[in-house]
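Below is one structure, written out as structure tokens; comments come after it.
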Amino acid sequence: MNIVIVKDYYELSIQAAQIVAAQINKIKKSVLGLPTGQTPLGMYNELIKKYEKDEIDFSQVITFNLDEYYGLSPLHPQSYHYFMWNTFFQHINIKKENVNMLNGITENIDEECQRYENIIQIRGGIDLQLLGIGENAHIGFNEPANVLKSRTHLVNLSNSTVKANSRFFNDIKEVPRQALTMGMGTIMKAKKIVLLASGKNKAPALAKTVNGLVSTRVPASLLQLHKEVTILVDEDAASRI
Ligand code: PGA
């Protein structure tokens, strides 16, 4: 694991955007895996600025989002579809047909998960996967458990995740209890992985991810087995490494 510690959230966002820009400038048709949540917001803003300054062209870029709440329509303001279009995609020149997201209101879960796996494969696999990390060390929505599923699947969210994500909803009762997520195997197949973490609340998860045993109870620790992972953290999140 390549661990890069930066001063603060601003630096984290700048450096993450630089990594994405370098990837796209090297390979115009790059396939990106993208996260949602608070952490990547700064990176998305920096990427929008780079696009506005003509420093990146997203016209051939292909994206796959990591996960989506099960039961929320793409139009729901808390859906990850809505989040991605609102905060990022509508501000850049990405083609709609190159944006791939899981359908949270699918009537056939298995078919939807298989469809996602198939398109990732057809598109040649993910070149650069960006990740956030939960306080419980989940990545995507792969929650700590005795066993983890490898491929895209439906998952029950842990109480701690529901609680953490309730900050985006009016009431905790509105937070979906299930989600569709890429599996650990789907993520681990990406050629390069960059995990972003900011803030003291992520420090314990980061320490276990980097220094601890590889365990399905700490899903992010599986990244220790990948050969091209960068952990990009600010000083607060790195404080226990
Ligand atoms: P956050 O979420 O970026 O909002 O902290 C990360 C995650 O839960 O994966």
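3J(HN,Hα) along the stretch 70-78: 7, x, 9, 6, x, 8, 5, x, 9 Hz, from the Karplus curve 6.51 cos²θ - 1.76 cosθ + 1.60 with θ = phi - 60°, whole Hz, x for Gly and Pro. Take every DSSP beta bridge whose two residues both sit in the chain; close to 30 percent of them are antiparallel. In this label model, Ser73 and Glu52 are separated by 3.2 nm, measuring between points 7 Å along each Cα→Cβ vector. Note on Asn201 and Lys163: their simple-model spin labels are 1.1 nm apart, each label 7 Å out from Cα toward Cβ.
Assuming charge only on the beta carbon of Lys and Arg (+1) and of Asp and Glu (-1), the dipole of the stretch 59-140 about its Cα centre is about 380 debye to the nearest 20. Here's the list of aspartates and glutamates a cross-link from Lys7 could span, going by alpha-carbon distance under 18 Å and ignoring same-chain residues fewer than 8 apart: Glu46, Asp234, Glu235, Asp236.
Straightening the chain between Gln18 and Lys173 buys 52.0 nm, computed as 0.36 nm per residue apart minus the Cα-Cα spacing. Between Asp8 and Asn156, full extension at 0.36 nm per residue minus the direct alpha carbon distance yields a gain of 50.0 nm.
Backbone amide hydrogens, once placed in the peptide plane, bring Leu131 within less than 5 Å of Val194, Leu195, Leu196, excluding anything fewer than 5 places away on its chain. Phi angles across the stretch 5-13 convert, under the Karplus curve 6.51 cos²θ - 1.76 cosθ + 1.60 with θ = phi - 60°, into 3J(HN,Hα) values of 9, 10, 4, 8, 4, 4, 4, 4, 5 Hz, Gly and Pro given as x. Electrostatic bookkeeping for Lys189 treats Lys and Arg as +1 and Asp and Glu as -1; over the other residues with beta carbon under 13 Å from its beta carbon, the sum is +2. For the chain, the carbon plus sulfur part of the accessible surface works out to 50%, probe radius 1.4 Å. 3J(HN,Hα) along the stretch 147-159, derived from phi through the Karplus expression 6.51 cos²θ - 1.76 cosθ + 1.60 where θ = phi - 60°, amounts to 9, 10, 8, 7, 9, 4, 7, 8, 10, 8, 6, 6, 4 Hz, with x in place of Gly and Pro. Over the stretch 39-79, the fraction of Cα-Cα pairs per 10 Å bin, rounded to whole percents and listed from the shortest bin up, is 23, 38, 33, 6. Which shape class, rounded, prolate or oblate, goes with the chain when its Cα gyration tensor gives a ≥ b ≥ c as root eigenvalues, a/c under 1.5 marks rounded, and past that a/b bigger than b/c marks prolate? Rounded.
The values are calculated or read from the model by the stated rules, or taken from the named source; none is laboratory data. Quick caveat, the model's predicted, so the values are computed rather than measured. Positions of Cβ are backbone-derived with ideal geometry, glycine not excepted, and every protein chain shown enters the neighbour counts. Remember, those area values only see protein heavy atoms, side chains included, never the ligands or the DNA or RNA. Shrake-Rupley method; radii C 1.70, N 1.55, O 1.52, S 1.80 Å.
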